[in-house]
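Written out below as structure tokens is the structure these notes cover.
The values are calculated or read from the model by the stated rules, or taken from the named source; none is laboratory data. Quick caveat: nothing in here was measured; it's all calculated off a predicted structure. Don't worry about glycine lacking a Cβ; one is built from the backbone with ideal geometry, like all the others, and counts go over all protein chains shown.
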């Protein structure tokens, strides 16, 4: 199993409704891409503010394997959601950090 972890630094002024719509749409990818095992999103509540560097949101997908991750990366719905996310981030693409780990 592969966990795809994404941390986000939303720009000031991004509404909770906008964030929730993004997370709802990301969760919907489970209905489109076979092999997505789980999707979760959370607020980062760390008190280590200097180390957080503004990355206050995190989500992850659990994929059956790397092939599912690769299908997700090129999926047109995912790409459209990704464009919406980047438009809401402080610094655009600089406001996202991605990690993939094998569990």
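Look at residue 10 and say whether it is in contact with a strand residue (DSSP E or B) (Cβ under 7 Å, 6 or more places away or on another chain), closer than 16 Å to residue 102 by Cα and modelled with pLDDT of 95 or more.
It is false that residue 10 is in contact with a strand residue (DSSP E or B) (Cβ under 7 Å, 6 or more places away or on another chain), closer than 16 Å to residue 102 by Cα and modelled with pLDDT of 95 or more.
Collect the residues in segment 1-11 that are assigned to a loop (DSSP other than H, G, I, E, B) and buried (at least 17 other Cβ atoms within 10 Å of the Cβ), keeping them in residue-number order.
Scanning segment 1-11 gives a single hit, 9.
Would you check if there is a residue in segment 36-43 being modelled with pLDDT of 95 or more, out of contact with any helix residue (DSSP H, G or I) (no Cβ under 6 Å at 6 or more places or on another chain) and more than 23 Å from residue 101 (Cβ to Cβ)?
Scanning segment 36-43 turns up no residue that is modelled with pLDDT of 95 or more, out of contact with any helix residue (DSSP H, G or I) (no Cβ under 6 Å at 6 or more places or on another chain) and more than 23 Å from residue 101 (Cβ to Cβ).
I'd like to know if segment 35-52 contains one or more residues that are touching a residue at least 12 places away in the same chain (Cβ under 8 Å) and out of contact with any strand residue (DSSP E or B) (no Cβ under 9 Å at 6 or more places or on another chain).
no
Looking at segment 57-67, is at least one residue within 13 Å of residue 88 (Cα to Cα), surrounded by 13 or more Cβ atoms within 10 Å (Cβ to Cβ) and in contact with a strand residue (DSSP E or B) (Cβ under 6 Å, 6 or more places away or on another chain)?
Yes: segment 57-67 contains one or more residues that are within 13 Å of residue 88 (Cα to Cα), surrounded by 13 or more Cβ atoms within 10 Å (Cβ to Cβ) and in contact with a strand residue (DSSP E or B) (Cβ under 6 Å, 6 or more places away or on another chain).
Which residue is farthest from residue 6 (Cα to Cα), if the candidates are limited to segment 50-64 and must be part of a strand (DSSP E or B) and under 12 Å from the mean Cα position of the chain (by Cα)?
Of everything passing the filter in segment 50-64, 62 is farthest from residue 6 (Cα to Cα).
Restricting attention to segment 12-49, which residues are surrounded by 15 or more Cβ atoms within 10 Å (Cβ to Cβ), within 23 Å of residue 93 (Cα to Cα) and over 15 Å from the mean Cα position of the chain (by Cα)?
14
So residue 2 ticks every box in (1) touching a residue at least 24 places away in the same chain (Cβ under 8 Å); (2) over 23 Å from residue 101 (Cβ atoms) but one. Which box is left unticked?
Of everything listed in (1) touching a residue at least 24 places away in the same chain (Cβ under 8 Å); (2) over 23 Å from residue 101 (Cβ atoms), residue 2 misses just condition (2).
Which condition number does residue 84 fail, the rest of (1) touching a helix residue (DSSP H, G or I) at 6+ places or on another chain (Cβ under 7 Å); (2) in contact (Cβ under 8 Å) with a residue 40 or more places away in the chain; (3) in a strand (DSSP E or B) being met?
Just one mismatch for residue 84, condition (3).
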